[in-house]
Amino acid sequence: MKIIFSKHIIQNKIPLLKEREFTVTKKQIEETIKTPDHIDKTSDFPKEIASKDLNKRHVLRVVYKIEGDIIKAITVYPAEKGRYY
(Lines give C-alpha, C1' and ligand atoms only; values in the text may rest on other atoms or scores of the structure.)
Protein backbone atom coordinates (compact mmCIF):
# COMPACT_ATOMS: atom_id res chain seq x y z
CA MET A 1 0.00 0.00 0.00
CA LYS A 2 1.07 3.55 -0.69
CA ILE A 3 1.51 5.90 2.28
CA ILE A 4 0.70 9.58 1.90
CA PHE A 5 1.24 12.29 4.50
CA SER A 6 -1.18 15.03 5.50
CA LYS A 7 -0.13 18.66 5.20
CA HIS A 8 -0.52 18.80 8.97
CA ILE A 9 2.31 16.30 9.45
CA ILE A 10 4.65 17.88 6.90
CA GLN A 11 4.03 21.55 7.66
CA ASN A 12 3.25 21.46 11.38
CA LYS A 13 4.08 18.32 13.32
CA ILE A 14 7.56 17.42 12.02
CA PRO A 15 8.88 21.02 12.47
CA LEU A 16 7.18 21.39 15.88
CA LEU A 17 8.58 18.10 17.16
CA LYS A 18 12.04 19.07 15.93
CA GLU A 19 11.80 22.33 17.92
CA ARG A 20 11.01 20.21 20.98
CA GLU A 21 13.99 17.92 20.33
CA PHE A 22 11.99 14.99 18.91
CA THR A 23 13.43 14.46 15.46
CA VAL A 24 10.89 12.47 13.47
CA THR A 25 11.37 11.57 9.82
CA LYS A 26 8.97 10.42 7.15
CA LYS A 27 10.87 7.13 7.12
CA GLN A 28 10.23 6.65 10.86
CA ILE A 29 6.54 7.35 10.32
CA GLU A 30 6.40 4.82 7.48
CA GLU A 31 8.20 2.19 9.58
CA THR A 32 5.80 2.79 12.48
CA ILE A 33 2.85 2.12 10.16
CA LYS A 34 4.46 -0.88 8.40
CA THR A 35 5.96 -2.62 11.46
CA PRO A 36 4.31 -1.27 14.63
CA ASP A 37 5.07 -2.56 18.11
CA HIS A 38 1.39 -2.03 18.91
CA ILE A 39 -1.71 -1.10 16.93
CA ASP A 40 -4.98 0.32 18.26
CA LYS A 41 -7.91 -0.21 15.92
CA THR A 42 -10.73 0.67 18.33
CA SER A 43 -10.21 3.90 20.27
CA ASP A 44 -10.37 6.22 17.23
CA PHE A 45 -12.30 4.02 14.77
CA PRO A 46 -12.28 4.13 11.74
CA LYS A 47 -8.75 5.51 12.17
CA GLU A 48 -5.95 3.31 13.46
CA ILE A 49 -3.06 4.28 15.72
CA ALA A 50 0.29 2.56 15.26
CA SER A 51 2.98 2.81 17.96
CA LYS A 52 6.70 2.05 17.83
CA ASP A 53 9.64 2.70 20.17
CA LEU A 54 11.17 6.14 19.59
CA ASN A 55 13.73 6.18 22.42
CA LYS A 56 14.15 4.80 25.96
CA ARG A 57 11.25 6.86 27.35
CA HIS A 58 8.93 7.43 24.38
CA VAL A 59 6.98 5.73 21.63
CA LEU A 60 6.03 7.32 18.33
CA ARG A 61 2.27 7.20 17.64
CA VAL A 62 0.90 7.63 14.14
CA VAL A 63 -2.80 8.14 13.48
CA TYR A 64 -3.79 7.02 10.01
CA LYS A 65 -6.73 5.96 7.91
CA ILE A 66 -6.86 3.29 5.22
CA GLU A 67 -8.73 4.42 2.13
CA GLY A 68 -8.77 1.66 -0.48
CA ASP A 69 -5.13 0.86 -1.22
CA ILE A 70 -3.82 4.14 0.25
CA ILE A 71 -2.78 4.77 3.85
CA LYS A 72 -3.20 8.42 4.81
CA ALA A 73 -1.05 9.43 7.78
CA ILE A 74 -3.06 12.10 9.59
CA THR A 75 -0.96 13.07 12.58
CA VAL A 76 2.01 11.90 14.62
CA TYR A 77 3.09 12.47 18.22
CA PRO A 78 5.45 11.08 20.85
CA ALA A 79 4.03 9.56 24.01
CA GLU A 80 5.55 8.24 27.21
CA LYS A 81 6.02 4.49 27.22
CA GLY A 82 3.27 2.77 29.17
CA ARG A 83 0.70 5.51 28.72
CA TYR A 84 -1.32 3.76 26.02
CA TYR A 85 -0.25 0.12 26.17
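The values are calculated or read from the model by the stated rules, or taken from the named source; none is laboratory data. Values in this document were obtained by computation on a predicted structure and should not be read as measured data. No Cβ is skipped: glycine too gets one built from the backbone with ideal geometry, and neighbour counts run over all protein chains shown.
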Problem set entry | Given (1) at pLDDT below 95; (2) out of contact with any Ser or Thr (no Cβ under 9 Å at 6 or more places or on another chain), index of the condition I70 fails | (1)
Exercise. Does the stretch 31-48 contain any residue that is among the hydrophobic types (A, V, I, L, M, F, W, C), touching an Asp or Glu at 6+ places or on another chain (Cβ under 7 Å) and at pLDDT 95 or above?
Worked result: yes
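Strands (runs of 3 or more DSSP E) wholly in the stretch 18-85 with at least 2 residues that are aliphatic (A, V, I, L, M) - which ones? Quick ask: steps written out before the conclusion?
On the way: elements: 38-40, 48-53, 58-67, 70-80.
Qualifying strands (runs of 3 or more DSSP E): 48-53, 58-67, 70-80.
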Seminar exercise, completed: Taking the stretch 20-74 and the residues there that are under 11 Å from the mean Cα position of the chain (by Cα) and of a type in the set (G, A, S), the one that is surrounded by the most Cβ atoms within 10 Å (Cβ to Cβ) would be A50
For this session: Could you please let me know if K13 is out of contact with any Pro (no Cβ under 6 Å at 6 or more places or on another chain), surrounded by 12 or more Cβ atoms within 10 Å (Cβ to Cβ), of a type in the set (D, E, K, R) and under 15 Å from Y77 (Cα atoms)?
Result: yes
